[in-house]
1. Take segment 5-33 and flag every residue that is in contact (Cβ under 8 Å) with a residue 24 or more places away in the chain and either assigned to a loop (DSSP other than H, G, I, E, B) or among the hydrophobic types (A, V, I, L, M, F, W, C) (or both).
2. Kindly provide the set of residues from segment 34-58 that are in contact (Cβ under 8 Å) with a residue 24 or more places away in the chain and assigned to a loop (DSSP other than H, G, I, E, B), ordered by number.
3. State the number of residues belonging to segment 1-18 that are of a type outside the set (Lys, Arg), within 12 Å of Gln63 (Cα to Cα) and surrounded by fewer than 17 Cβ atoms within 10 Å (Cβ to Cβ).
4. Just one of the numbered conditions (1) under 18 Å from Ala14 (Cβ atoms); (2) touching a Leu at 6+ places or on another chain (Cβ under 9 Å) is not true of Tyr58; which one?
5. Suppose we filter Arg35, Arg48 for residues that are under 16 Å from Ala59 (Cα atoms), touching a Ser or Thr at 6+ places or on another chain (Cβ under 8 Å) and not hydroxyl-bearing (Ser, Thr, Tyr); which single one remains?
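No lab work stands behind these numbers, since they all come straight from the coordinates. Everything numeric here is computed off the predicted structure, so don't read it as measured data. Reconstructed Cβ throughout: ideal geometry from the backbone, glycine too, with neighbour counts over all protein chains shown.
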Amino acid sequence: MKPQTEQIKRHLVAHNSITPLEALKKYGCLRLASRIFELKEAGFHVIRTMVSRNGKRYARYVQG
């Protein structure tokens, strides 16, 4: 597993969720959806929910 993917996994285990902005700020991850795909391929269960705030929509990934 790539180091960045491992960081995202540890974050999900510790905090239960992550957003693209959190991933960018904390881990320099520009492609969170790709890292989530890698986690799913490795058997880690993740659920995507869409959040609307201030007229903007973004994904929040939750450990499932």
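1. Ile8, Leu12, Val13, Asn16, Ile18, Thr19, Leu21, Gly28, Cys29, Leu32, Ala33
2. Selection gives Ala42, Phe44.
3. Selection size over segment 1-18: 5.
4. Every condition holds for Tyr58 apart from (1).
5. Within the list Arg35, Arg48, the selection yields Arg35.
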